[in-house]
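The values are calculated or read from the model by the stated rules, or taken from the named source; none is laboratory data. Quick caveat: nothing in here was measured; it's all calculated off a predicted structure. We place every Cβ from the backbone using ideal geometry, glycine too, and count neighbours over all the protein chains shown.
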Amino acid sequence: MYIGLFIYIIIVIGFTIWYQSIHYLTEITTKNIIKIITQVAMTAAIVPSILAFSIYYFCTKSMDKTSRFFLILILFLLFIFSIYTMTLVMVFDDLSDSKSFLQSLIESF
């Protein structure tokens, strides 16, 4: 349980830093950082953290090596795709826009 929360916190911090580096012209204030964390990073980190925890779980679970390999491979590819999708949505997202990050993410699918 704690490992899943730890993975989620690490991914939230990573997405916050990643969003700030993509939009480097925005001011770095406490208000903007809290807004990025609550509106963008916490939403964007849900799917990748679930996939990362699933990869960790299936690495530690005992099953035959072939099925574990293919399961981890599929989860890893989904993890890469989710990071790619979140990055694309974050590039075109603007905090001053009236649309939320979640609405932009849903529209991308």
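Residue-wise test of (1) within 12 Å of the chain's Cα centre (by Cα); (2) loosely packed, with under 12 Cβ neighbours inside 10 Å; (3) at pLDDT 85 or above.
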site	(1), (2), (3)
M42	yes, no, yes
V47	yes, no, yes
L71	no, no, yes
T85	yes, no, yes
S98	no, yes, no
L105	yes, no, no
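Put simply, of S54, S98, S67, S49 the only residue that is among the polar types (S, T, N, Q) and assigned to a loop (DSSP other than H, G, I, E, B) is S98. The set of residues from segment 23-43 being assigned to a helix (DSSP H, G or I) and either in contact with a Lys or Arg (Cβ under 7 Å, 6 or more places away or on another chain) or not charged (D, E, K, R) (or both) comprises T30, N32, I33, I34, I36, I37, T38, Q39, V40, A41, M42, T43. Here segment 21-40 is the region considered, the condition is being among the aliphatic types (A, V, I, L, M) and within 30 Å of I3 (Cβ to Cβ), and the residue that is nearest to the chain's Cα centre (by Cα) is V40. Considering (1) within 17 Å of the chain's Cα centre (by Cα); (2) aromatic (F, W, Y); (3) surrounded by 11 or more Cβ atoms within 10 Å (Cβ to Cβ), the lone condition that Y57 does not fulfil carries the number (1).
Pairing each residue of segment 57-71 that is without any contact (Cβ under 8 Å) to a residue 12 or more places away in the chain with any residue that is β-branched (V, I, T), provided the two are 6+ apart or on different chains, yields C-beta distances under 9 Å for Y57/I3. Among the residues examined, D93 qualifies as out of contact with any strand residue (DSSP E or B) (no Cβ under 8 Å at 6 or more places or on another chain), in contact (Cβ under 8 Å) with a residue 40 or more places away in the chain and more than 21 Å from I7 (Cα to Cα).
Per the listing F92, F15, the residue uniquely of a type outside the set (S, T, Y) and at pLDDT 85 or above is F15.
Filtered by the rule that a residue be surrounded by 12 or more Cβ atoms within 10 Å (Cβ to Cβ) and either in contact (Cβ under 8 Å) with a residue 24 or more places away in the chain or over 12 Å from the mean Cα position of the chain (by Cα) (or both), segment 1-13 gives I3, G4, F6, I7, Y8, I11, V12, I13. Based on what the data block shows, is Q20 loosely packed, with under 14 Cβ neighbours inside 10 Å, free of Cβ contacts under 8 Å to residues at least 24 places away in the same chain and either at positive phi or outside any loop (DSSP other than H, G, I, E, B) (or both)? No, not satisfied.
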